[in-house]
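No lab work stands behind these numbers, since they all come straight from the coordinates. In this text, all values refer to a predicted model and were calculated from it rather than measured experimentally. No Cβ is skipped: glycine too gets one built from the backbone with ideal geometry, and neighbour counts run over all protein chains shown.
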């Protein structure tokens, strides 16, 4: 295989770039829980209202991936990464100056949402195009950046907030994150043979009953999956656990997801991508049983986020593999952008609704139970989807159905 070809050494540089791009953008977004209490208190806002910031950000991240994925197919990944660096810098610096929570919805939501939309889906789709034999492992390593970023940045956020306050911490992250994204730009490039713009695959995806059910399942999971990123730290602090130790919970979640992203990617050939993906959704649902039973036990909370991280990491790592097994890799950026809109809708609704339930009932139990129910529905929606003898979604005729 030539130096610049499929599965080459050059291909692995795109994995490095995707690892850091997804790590810094999603790591910052998923560390919002460390900022939650400080922002809620400063703006005298209820939990549900404060959680809207995370909901808007996650929704924009997923939904704008339709656009950024298509931009990467059409103009190349370097342009998209540059846009992400600008969005992250402007969004976080502007958020550090806001005087109202409503304005924070715009500055943080748009800035970090755009940056994450640029740093994750388009980069993963590029990595997928650079590999054939090692695609599952390469994608797993690329998306492991999210877990590493979250495991590092969540406790770091808590420590910086404690020392400098939440506003200065956003400035630090805006400057540092933008510089790291700029450093990733020269490592990214179009896959071999993709010098021409890739076709849009929106129509192929939307016309596929299998894709539509798969996306609906992802939306139901999104209703539950992102609630702990916002609230598990706050849950711990309300049970007299220190702020850094509480933020470490989200870090542990991210860390355990790294192991599952890489591990599940390496197990695809043996067990099949769809079979593993469905198992990950079951693991995610089971984790909420652990949270429900945890009470004030820090050890049980750690166990909860460890198990959740395994399920979450597998969901992230396997989604692009499962859907490319079904629809192929041509125009994968547009397909993944459309797919990830579904959990984005779930995040937009799920975290603020959980906050409303917590405020209304003065308890986390109903919110946790609702998360379990949504995860169970996401698993049920996968029943009956066509799979081959190797545990993958059955390839559609002409990569279209």
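Per-residue extension of 0.36 nm, minus the Cα-Cα distance of residue 99 and residue 238, leaves a gain of 47.4 nm for this segment.
The stretch between residue 245 and residue 369, if pulled fully straight at 0.36 nm per residue, gains 42.2 nm over its current Cα-Cα span.
Its Cα gyration tensor gives the range 239-375 an equivalent ellipsoid; the semi-axes, largest first and in whole Å, are 29, 18, 13.
The distance separating the Cα centre of the range 333-353 from that of the range 12-27 comes to 20 Å.
Cα centroids of the range 222-301 and the range 99-166: how far apart, whole angstrom? Taking the Cα centre of the range 99-166 as reference, the centre of the range 222-301 is 17 Å away. Between 0 and 90 degrees, the angle of helix 227-237 with respect to the longest Cα principal axis of the chain falls at about 30 degrees. Neighbour counting of Cβ atoms within 10 Å sorts the residues 47, 237, fewest neighbours leading, into 237, 47.
Based on alpha-carbon atoms, the Kirkwood radius and the radius of gyration of the range 135-253 give Rg/Rh equal to 1.08.
Using a cutoff of 8 angstrom between alpha carbon atoms and counting only pairs six or more residues apart, the relative contact order for the chain works out to 28 percent. The peptide list 299-310, 118-129, put in order of mean Cβ contacts within 10 Å with the highest first, becomes 118-129, 299-310.
Seen against the Cα atoms of the chain and their longest principal axis, helix 166-184 is set at about 10 degrees.
In the calculated pair-distance distribution of the range 75-142, the portion above 14 angstrom amounts to 62 percent of the Cα-Cα pairs. Tell me the angle of helix 121-130 to the major Cα principal axis of the chain, expressed in degrees between 0 and 90 and rounded to the nearest ten. Taking Cα atoms only, the helix is inclined about 30 degrees. Please list, in order, the residues from the range 133-154 whose amide nitrogen is less than 19 Å from a point placed 7 Å along the Cα→Cβ vector of residue 7. Correct set: 133-142.
Each label point is 7 Å from the Cα along the Cα-to-Cβ direction; what then is the distance between the points at residue 106 and residue 212, in nm? Calculated label separation equals 3.7 nm. Packing around the peptides 204-216, 238-250, taken as the average count of other Cβ atoms within 10 Å per residue, puts them in this order, highest first: 238-250, 204-216. In the set (i) 24.8; (ii) 21.1; (iii) 17.2, the label that goes with mean projected area of the Cα convex hull in nm² computed for this structure is (iii).
In plain terms, the C-alpha convex hull of the range 1-93 casts an average shadow of 7.3 nm² when viewed from every direction. Based on the Cβ-Cβ distance from residue 271 to residue 16, what FRET efficiency comes out when R0 is 22 Å, to the nearest 0.05? Calculated value: 0.20. Packing here is the average count of other Cβ atoms within 10 Å per residue, and on that basis the peptides 225-236, 379-390, 94-105, highest first, run 225-236, 94-105, 379-390.
In whole percents, the pair-distance distribution calculated for the range 296-346 from its alpha-carbon pairs, binned every 10 Å from zero, is 22, 38, 23, 13, 4.
Neighbour counting of Cβ atoms within 10 Å sorts the residues 189, 168, 44, fewest neighbours leading, into 44, 168, 189.
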